[in-house]
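The values are calculated or read from the model by the stated rules, or taken from the named source; none is laboratory data. Note that this is a predicted model, so its numbers are computed, not measured. As a convention, Cβ positions derive from the backbone with ideal geometry for all residues, glycine included, and neighbour counts pool all protein chains shown.
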């Protein structure tokens, strides 16, 4: 079969790789209908050392089950399923607590011999605990929105949920990428009536307004902090959803959060330390967030998609086949595309 390999910074190629097969009784093989490029994929795309032979990549996909191991029940050939960006067994104490990302038997796609999501098919370890059946056909119009359940939508939702967003909280979302826009949508879903989106790309912030943002702040740094404070009577917002991962974004979050408020971080950190000294301590600021246990949220969020009350798939503004994936990476890196969907 064909799959995407990354050979180093800026070097994305299509290659022939072995067809996935059942290796363990708990495996399934899924033929990929839709996959996508994640903002976190852009970090290795920008900096990965040259790797002879290349490495598999991709962790967001949905597809059709082609085969299941003898230890998998509840799934059959032909089922349309979505996979969260971390596989897990679904039975350990962490999975039972909704923290599937800490499953001792789980792991990441495209690591340690496990297939990446950007390809024609994927062997899914611990399929029964990982996959979620979708009550749609292979050609359903809802596939783009259902694909967001693999990562970007649950990540935005995790950000809002851990920050304690509800109908009484004001919210600032930092970042107008797909995760930031999903955080806006999630904050609106949780009842927030005042949502300030910090971003400077008009096409994206326009979508943010459609998702529920009431205000847009284009300024960055100290100017951005000042503008948010102006909009909130000088006190900031109860919740700040940091969806970038850069140190400046976290500094901004501390600048715009209200005393007694919460900062939730889901942007993949590109630095090692957060400055949380006496001034922040004295303001009773809660710092929370982390990697989203997407599997814990999929059924809940899926219902709204199936009912048509939300359309998170609007974050996809470009679709490509496998042969055009390299151009999709370039377009996202150059901010020409918000989020690229792959149709193998």
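Based on what the data block shows, is residue 106 at positive phi and either surrounded by 17 or more Cβ atoms within 10 Å (Cβ to Cβ) or at pLDDT 95 or above (or both)? Walk me through it before giving the result.
On the way: at positive phi: no; either surrounded by 17 or more Cβ atoms within 10 Å (Cβ to Cβ) or at pLDDT 95 or above (or both): yes.
Considered against the rule, which asks whether it is at positive phi and either surrounded by 17 or more Cβ atoms within 10 Å (Cβ to Cβ) or at pLDDT 95 or above (or both), residue 106 comes out as no.
Which of (1) exposed (fewer than 14 other Cβ atoms within 10 Å of the Cβ); (2) modelled with pLDDT under 95; (3) within 22 Å of residue 200 (Cβ to Cβ) is the odd one out, the single condition residue 275 does not satisfy?
Answer for residue 275: the failing condition is (3).
Output the residues belonging to region 286-310 that are assigned to a helix (DSSP H, G or I) and in contact (Cβ under 8 Å) with a residue 40 or more places away in the chain. Walk me through how you get there before you give the answer.
Kept after step one, since they are assigned to a helix (DSSP H, G or I), are these residues of region 286-310: 294-296, 298-307.
If the condition is that a residue be assigned to a helix (DSSP H, G or I) and in contact (Cβ under 8 Å) with a residue 40 or more places away in the chain, then 294, 295, 296, 298, 299, 301, 302, 304, 305, 306 are the ones that fit.
Identify the residue in region 118-128 that is touching a helix residue (DSSP H, G or I) at 6+ places or on another chain (Cβ under 8 Å) and in a loop (DSSP other than H, G, I, E, B) and, among all such residues, is surrounded by the most Cβ atoms within 10 Å (Cβ to Cβ). If you could, list the steps in order and put the result at the bottom.
Filtering region 118-128 down to residues touching a helix residue (DSSP H, G or I) at 6+ places or on another chain (Cβ under 8 Å) leaves 118-120, 124.
Now narrow it down to the ones that are in a loop (DSSP other than H, G, I, E, B): 118, 120.
Numbers: 118: 32, 120: 17.
The qualifying residue surrounded by the most Cβ atoms within 10 Å (Cβ to Cβ) is 118.
Checking residue 161 against (1) in contact with a strand residue (DSSP E or B) (Cβ under 6 Å, 6 or more places away or on another chain); (2) farther than 24 Å from residue 42 by Cβ; (3) not assigned by TED's automatic domain parsing to the domain that holds residue 314, which single condition isn't satisfied?
(1)
In region 68-88, what residues are surrounded by 17 or more Cβ atoms within 10 Å (Cβ to Cβ) and either in contact with a strand residue (DSSP E or B) (Cβ under 7 Å, 6 or more places away or on another chain) or free of Cβ contacts under 8 Å to residues at least 60 places away in the same chain (or both)? Outline the logic, then answer.
Taking region 68-88 and keeping what is surrounded by 17 or more Cβ atoms within 10 Å (Cβ to Cβ), we get 68-69, 72, 75, 79-88.
Those that are surrounded by 17 or more Cβ atoms within 10 Å (Cβ to Cβ) and either in contact with a strand residue (DSSP E or B) (Cβ under 7 Å, 6 or more places away or on another chain) or free of Cβ contacts under 8 Å to residues at least 60 places away in the same chain (or both): 68, 69, 72, 75, 79, 80, 81, 82, 83, 86, 87.
Picking from 10, 54, 58, which residue would you name as being on the phi > 0 side of the Ramachandran plot and surrounded by fewer than 17 Cβ atoms within 10 Å (Cβ to Cβ)?
Numbers: 54 fails: surrounded by fewer than 17 Cβ atoms within 10 Å (Cβ to Cβ); 58 fails: surrounded by fewer than 17 Cβ atoms within 10 Å (Cβ to Cβ).
Unique residue meeting the criteria: 10.
Which of the numbered conditions does residue 304 fail, given that it passes all the others? Conditions: (1) surrounded by fewer than 22 Cβ atoms within 10 Å (Cβ to Cβ); (2) not assigned by TED's automatic domain parsing to the domain that holds residue 11.
So the condition that residue 304 fails would be (2).
Would you call residue 142 over 27 Å from residue 247 (Cα atoms), assigned by TED's automatic domain parsing to the domain that holds residue 103 and crowded, with 21+ Cβ neighbours inside 10 Å?
Working: over 27 Å from residue 247 (Cα atoms): yes; assigned by TED's automatic domain parsing to the domain that holds residue 103: yes; crowded, with 21+ Cβ neighbours inside 10 Å: no.
So residue 142 fails the test.
Return the only residue of 325, 250, 320 being assigned by TED's automatic domain parsing to the domain that holds residue 57, crowded, with 19+ Cβ neighbours inside 10 Å and without any contact (Cβ under 8 Å) to a residue 40 or more places away in the chain. Spell out how you get there, then give the answer.
On the way: 325 fails: without any contact (Cβ under 8 Å) to a residue 40 or more places away in the chain; 250 fails: assigned by TED's automatic domain parsing to the domain that holds residue 57.
Just one listed residue meets the conditions, 320.
Condition first: out of contact with any strand residue (DSSP E or B) (no Cβ under 9 Å at 6 or more places or on another chain) and without any contact (Cβ under 8 Å) to a residue 60 or more places away in the chain. Now tell me which residues in region 167-189 satisfy that.
Within region 167-189, just 167 meets the criteria.
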